[in-house]
Amino acid sequence: MHRFVSVASAFVLTLAWTAPALSHCEIPCGIYGDKMRFDMIEEHIATIEKSMNQIAELSKAGDMNYNQIVRWVTNKDEHAGQIQHIASQYFLTQRIKPADGDARAKYDKHLELLHQMLVSAMKCKQTTDLAQVEKLRALNQEFRASYLGPEGEAHTH
């Protein structure tokens with residue numbers, strides 16, 4: 001029995017140590033890739049757009065390939081979810097800090113833009129309307145300019 005407990009313990013510890021990292025950690029290490037996150041969002045948006053186009057094209061076919069349609073829908077939804085994850089887990093919980101005084105307007109603007117991005121990503125999951133993709137792309141560009149500044153310099157806290 002002792003041997004079984006030791007083997008089981010080793011197995012559990014191995015699983016804990018080898019769990020995949022899904023995004024930037026929530027330990028305040030100070031190592032952030034803000035510009036990279038905006039590029040990642042753009043890549044997710046492009047993937048959502050391609051998925052929507054493929055869904056529309058496959059849906060028009062006389063002999064529909066439902067498996068491929070489902071794969072494109074799943075792909076679209078996963079990438080929209082990744083945008084939501086970056087907006088909430090990276091920016092809202094780690095990078096956007098409450099502010100007072102003169103900095104309050106910028107803080108409020110960032111909250112508003114991130115909320116709109118979350119809602120727009122949700123709408124991308126619900127539809128194949130390319131207008132939602134364009135809205136999400138515009139929101140990402142607006143947030144990027146507001147967050148990084150006109151020169152795209154690194155953000156500091």
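General remarks:
Quick grid of which residues meet (1) modelled with pLDDT of 50 or more; (2) surrounded by 12 or more Cβ atoms within 10 Å (Cβ to Cβ); (3) over 26 Å from the mean Cα position of the chain (by Cα); (4) not acidic (D, E):
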site: H2; (1), (2), (3), (4): yes, no, yes, yes
site: I31; (1), (2), (3), (4): yes, no, no, yes
site: A46; (1), (2), (3), (4): yes, yes, no, yes
site: E49; (1), (2), (3), (4): yes, yes, no, no
site: A56; (1), (2), (3), (4): yes, yes, no, yes
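- Of everything listed in (1) surrounded by 14 or more Cβ atoms within 10 Å (Cβ to Cβ); (2) over 13 Å from the mean Cα position of the chain (by Cα), the single unmet condition for A80 is (2).
- Index of the failed condition, I48 passing every other in (1) of a type outside the set (G, A, S); (2) outside any helix (DSSP H, G or I); (3) touching a Leu at 6+ places or on another chain (Cβ under 8 Å): (2)
- Test: residue in the stretch 96-110 that is touching a His at 6+ places or on another chain (Cβ under 6 Å) and surrounded by 15 or more Cβ atoms within 10 Å (Cβ to Cβ): yes
- Within the set Q82, Q126, Q132, Q141, the sole residue that is in contact (Cβ under 8 Å) with a residue 40 or more places away in the chain and of a type in the set (S, T, N, Q) turns out to be Q82.
- Any hit, the stretch 144-151, residues being surrounded by 11 or more Cβ atoms within 10 Å (Cβ to Cβ) and on the phi > 0 side of the Ramachandran plot: yes
- Restricting G149, G101 to residues that are modelled with pLDDT under 95, more than 23 Å from I31 (Cα to Cα) and either in contact with a Ser or Thr (Cβ under 9 Å, 6 or more places away or on another chain) or not acidic (D, E) (or both) narrows the list to G101.
The values are calculated or read from the model by the stated rules, or taken from the named source; none is laboratory data. As the structure is a prediction and not an experimental result, all values here were calculated from the model. Because the Cβ atoms are built from the backbone with ideal geometry, glycine has one as well, and the counts that use them run over all protein chains shown.
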